[in-house]
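Below: the structure, in structure tokens.
The values are calculated or read from the model by the stated rules, or taken from the named source; none is laboratory data. These numbers were taken from a predicted model, which means no experiment stands behind them. Cβ coordinates were reconstructed from backbone atoms using ideal geometry, including for glycine residues, and neighbour counts include every protein chain displayed. Side chains are part of the model used for accessible areas, which takes the heavy atoms of the whole protein and leaves out ligands, DNA and RNA. Shrake-Rupley method; radii C 1.70, N 1.55, O 1.52, S 1.80 Å.
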Amino acid sequence: MRSESIRYLIVPGWQGSPDDHWQSHWQRTLPNSSRVEQADWLMPRRDDWVAELERSVASDARPVVLVAHSLGCITVARWAAQAPQELLRRVRGALLVAPADVQRSNCPDPLRNFAPIPRQPLPFASLLVGSDNDTAASAARAVELGRDWGSETAILAGGGHINVKSGHHRWEQGFAYLYRLQNRIEQNARKRA
């Protein structure tokens, strides 16, 4: 994981990640990082978002770590459920931050076409970070998604949606979760060797 050949692919959620969002800061900070750019950030269509994620993974043969937020987490799970093995093998792991529960009763209408949320385990290492006061997914729902996806799960106290509105601009503390994920990826690689 310490290799320069690893790339980081930022997967924003609904409405994208503005310049002061932690994902934008991380993209500027992490080496070899790029972003999945969706054609429509405001009226997302599941199939379009999944296809763009696949195109982004396919565009570069280097191993990749996905860094997803909100609806981006659901996009990753949907893509992983249907992606070709050749592309899935490129993904070393995924950091899934504040997943949006698109099946909740108060889900915004533009996100409802992402339901149902895939429930099968992700075919790569993952770490899900939720919050105990996130309006997009309760802590219990975040834990349930983490269990379904086979993710290690951490719940922040008072973290909100882990975005600019909840005070997470640079989110330097979040790098600890990325490092934890990277260590898990390295341990898995040693077990397979």
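Structure notes:
- Trypsin sites (Lys or Arg not before Pro), loop per DSSP, at most 13 other Cβ atoms within 10 Å - longest free stretch of the chain: 3-88
- Volume in Å³ per residue [convex hull over Cα atoms, computed for segment 40-138]: 94
- Grouping the Cα pair distances of segment 82-136 into 10 Å bins from zero gives a pair-distance distribution of 20, 42, 32, 6 percent in increasing distance order.
- Expressed as a whole percent, the accessible area of segment 54-193 that falls on carbon and sulfur atoms is 49 (1.4 Å probe).
- The helix-based estimate of mean residue ellipticity at 222 nm for the chain, built from -39,500 (n - 2.57) per DSSP H run of four or more residues and divided by its residue count, is -10500 deg cm²/dmol to the nearest 500.
- Computed from backbone phi, the HN-Hα couplings of segment 36-45 come to 6, 9, 8, 5, 9, 7, 8, 10, x, 10 Hz, rounded to whole numbers (Karplus: 6.51 cos²θ - 1.76 cosθ + 1.60, θ = phi - 60°; Gly and Pro given as x).
- Dipole magnitude (debye, nearest 20) for the chain, charges at Cβ of Lys, Arg, Asp, Glu: 660
- Descending principal axes extents, the chain, alpha-carbon based, whole Å: 46, 33, 32
- Here's the picture: charge each Lys and Arg Cβ at +1 and each Asp and Glu Cβ at -1 in the chain, and of 130, 24, 179 the one pushed furthest to the positive end of that dipole is 179.
- Segment 87-193: translational diffusion in µm²/s, Stokes-Einstein, Kirkwood Rh over Cα pairs, 4 °C, 1.567 mPa s: 88
- Whole-angstrom gap from segment 8-42 to segment 125-146, using each part's C-alpha centre: 20
- Neighbours of residue 87 by Cβ distance under 12 Å: Lys/Arg scored +1, Asp/Glu scored -1, total 0.
- Residues of the chain: accessible area per residue with a 1.4 Å probe, Å²: 45
- Residues whose amide H comes within less than 5 Å of that of residue 100, counting only those at least five positions distant or on another chain, are 70, 71, 73, 74 (H built at 1.01 Å from N in the peptide plane).
- In segment 11-55, GluC sites (Glu not before Pro) in a DSSP loop with at most 14 other beta-carbon atoms within 10 Å: 37
- Values of log10 I(q)/I(0), in the order q = 0.11 Å⁻¹, for segment 11-96 under a Debye, Cα-only, solvent-free model: -0.26
- Förster radius 45 Å - calculated FRET efficiency between residue 107 and residue 190 (Cβ-Cβ, nearest 0.05): 0.65
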